[in-house]
Amino acid sequence: MNLRDLEYVAAVADHRHFGRAAEACGVSQPTLSAQIRKLEDDLGVELFERTPRNITLTAAGERVLERIRVVINEANGIADIAAEMADPESATLRVGLFPTLAPYLLPHVVPEVRSTFPDLELRLVEAKTDDIVDQLRSGRLDVGVLALPITGEDFASTELFTEEFVLATPAGHRLATSGTPVTPHDLADEQVMLLEDGHCLRDQSLAVCSLAGAVEDTELRSTSLETMRQMVAAGVGITLLPRLAVSPPIAPSPMISMVEFAEPRPSRTIAMFWRSTSAHRAFLPRLAEVFARIPSDLGPPR
């Protein structure tokens, strides 16, 4: 048994395909298959159920994979510690962000990171919150940028900023033509479009809508914020958008009106998370400071 064999098992578990796993590991499929089979013979158990159309973990494989993840994470940590001690600003960090934040925050953050830490390499991953938490726990990510709260996890964290929501309506909608900020209660009996299950923005918007007595339009759900924006432009309904998603460099649409909420404005708090045992733990608070440097005043929604 060696570390490379364990990496092969983890790759097959991730890809559910021997060919794609071999490609990801940079070896031929026969080599990878033979090494996994040899490992199974040494352990005396099968780790995978193999069918022509599907590769699944056996019960033994599930348990072994948990320990393999720990071993690989600890082994990678050795190199991380050495790199961190040599030059923490030239490390490679895998950073996960959720879809309703990543494309809107990164245009502000990436130039700042490059300017402040020119030798730092960021490998950016966009995924839903639960996936980021899982990858952070298993060591496949070094950092998660997520919306609070994240419960049940022993991560180190620091708050970055609070992002307000604005109301997006079709141009000419009654809430957009009143000339005054809206309150959540102005949404009472309105049909509000939300993202599909699994998006944290859906949960945040539902909290506002439930407080206001608004009703979700269950027939109109979207998989992305940009699709939902187009649905608003088409006059289908109204929705809540985070302020970064309606601020430069995002272009405005003449078909959409952005309406401010009155105080206290609904908002979400964004924070950076990492494992408390991470080899990068001394450096990450400095990186968090850079991520927190979004424009202090984004101005009125566009």
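The values are calculated or read from the model by the stated rules, or taken from the named source; none is laboratory data. Because the structure is a prediction, the values reported are computed rather than measured. Please note: Cβ atoms are built from the backbone with ideal geometry, for glycine as well, and neighbour counts cover all protein chains shown.
Out of the stretch 233-272, which residues are more than 26 Å from residue 160 (Cα to Cα) and in contact with a Ser or Thr (Cβ under 6 Å, 6 or more places away or on another chain)?
Answer for the stretch 233-272, where residues must be more than 26 Å from residue 160 (Cα to Cα) and in contact with a Ser or Thr (Cβ under 6 Å, 6 or more places away or on another chain): 233, 238, 257.
Scan the stretch 40-69 for residues that are of a type in the set (A, V, I, L, M, F, W, C), surrounded by 14 or more Cβ atoms within 10 Å (Cβ to Cβ) and out of contact with any Asp or Glu (no Cβ under 6 Å at 6 or more places or on another chain) and jot them down.
Listed by number, the residues that qualify are 45, 48, 55, 57, 60, 64, 65, 68.
Within the stretch 57-116, can you find the residues that are within 20 Å of residue 287 (Cβ to Cβ) and of a type in the set (D, E, K, R)?
Those that are within 20 Å of residue 287 (Cβ to Cβ) and of a type in the set (D, E, K, R): 80, 84, 87, 89, 94, 112, 114.
Report yes if some residue within the stretch 171-181 is over 30 Å from residue 276 (Cα atoms), modelled with pLDDT under 85 and in contact with an Asp or Glu (Cβ under 8 Å, 6 or more places away or on another chain); otherwise report no.
For the stretch 171-181, residues over 30 Å from residue 276 (Cα atoms), modelled with pLDDT under 85 and in contact with an Asp or Glu (Cβ under 8 Å, 6 or more places away or on another chain): absent.
Out of (1) surrounded by fewer than 14 Cβ atoms within 10 Å (Cβ to Cβ); (2) under 22 Å from residue 148 (Cβ atoms), what's the single condition that is false for residue 102?
(1)
Could you tell me whether residue 125 is in a helix (DSSP H, G or I), closer than 26 Å to residue 242 by Cβ and outside the structural domain of residue 11 (by TED's automatic domain parsing)? First the steps, then the outcome.
Values: in a helix (DSSP H, G or I): no; closer than 26 Å to residue 242 by Cβ: yes; outside the structural domain of residue 11 (by TED's automatic domain parsing): yes.
So residue 125 fails the test.
Filter the stretch 145-174 down to the residues that are crowded, with 17+ Cβ neighbours inside 10 Å and in a loop (DSSP other than H, G, I, E, B), then identify the one that is nearest to the chain's Cα centre (by Cα).
Filtering the stretch 145-174 for residues that are crowded, with 17+ Cβ neighbours inside 10 Å and in a loop (DSSP other than H, G, I, E, B), the one nearest to the chain's Cα centre (by Cα) comes out as 150.
Just a yes or no: is a residue in the stretch 3-12 of a type in the set (Ser, Thr, Tyr), more than 25 Å from the chain's Cα centre (by Cα) and not in a helix (DSSP H, G or I)? Outline the logic, then answer.
Within the stretch 3-12, the first condition is being of a type in the set (Ser, Thr, Tyr), and the residues that meet it are 8.
Imposing the further condition that a residue be more than 25 Å from the chain's Cα centre (by Cα) reduces the set to 8.
Next cut, not in a helix (DSSP H, G or I) only: none.
Checked against the condition, which is being of a type in the set (Ser, Thr, Tyr), more than 25 Å from the chain's Cα centre (by Cα) and not in a helix (DSSP H, G or I), the stretch 3-12 yields no hits at all.
Look through 129, 116 and report the one residue that is within 8 Å of the chain's Cα centre (by Cα) and among the polar types (S, T, N, Q). Spell out how you get there, then give the answer.
Working: 116 fails: within 8 Å of the chain's Cα centre (by Cα).
Checking each option against the conditions leaves just 129.
Within the stretch 28-55, how many residues turn out to be in a loop (DSSP other than H, G, I, E, B) and out of contact with any helix residue (DSSP H, G or I) (no Cβ under 8 Å at 6 or more places or on another chain)?
Going through the stretch 28-55 one residue at a time, the tally reaches 5.
Under 7 Å between Cβ atoms, which residue pairs at least 6 apart in sequence (or on different chains) link something in the stretch 46-69 that is in the same structural domain as residue 8 (by TED's automatic domain parsing) and under 10 Å from residue 13 (Cα atoms) with a partner that is assigned to a loop (DSSP other than H, G, I, E, B) and of a type outside the set (Asp, Glu)?
From residues that are in the same structural domain as residue 8 (by TED's automatic domain parsing) and under 10 Å from residue 13 (Cα atoms), the pairs are 47/58; 48/58; 55/16; 55/17; 57/47; 61/47.
Could you list, in sequence order, all residues of the stretch 106-157 that are within 23 Å of residue 205 (Cβ to Cβ) and either of a type in the set (Lys, Arg) or in contact with a helix residue (DSSP H, G or I) (Cβ under 6 Å, 6 or more places away or on another chain) (or both)?
Once the filter is applied, which keeps residues that are within 23 Å of residue 205 (Cβ to Cβ) and either of a type in the set (Lys, Arg) or in contact with a helix residue (DSSP H, G or I) (Cβ under 6 Å, 6 or more places away or on another chain) (or both), the stretch 106-157 yields 126, 128, 129, 144, 146, 147.
Taking the options 69, 94, name whichever one is basic (Lys, Arg), under 30 Å from residue 288 (Cα atoms) and in a helix (DSSP H, G or I).
Within the list 69, 94, the selection yields 69.
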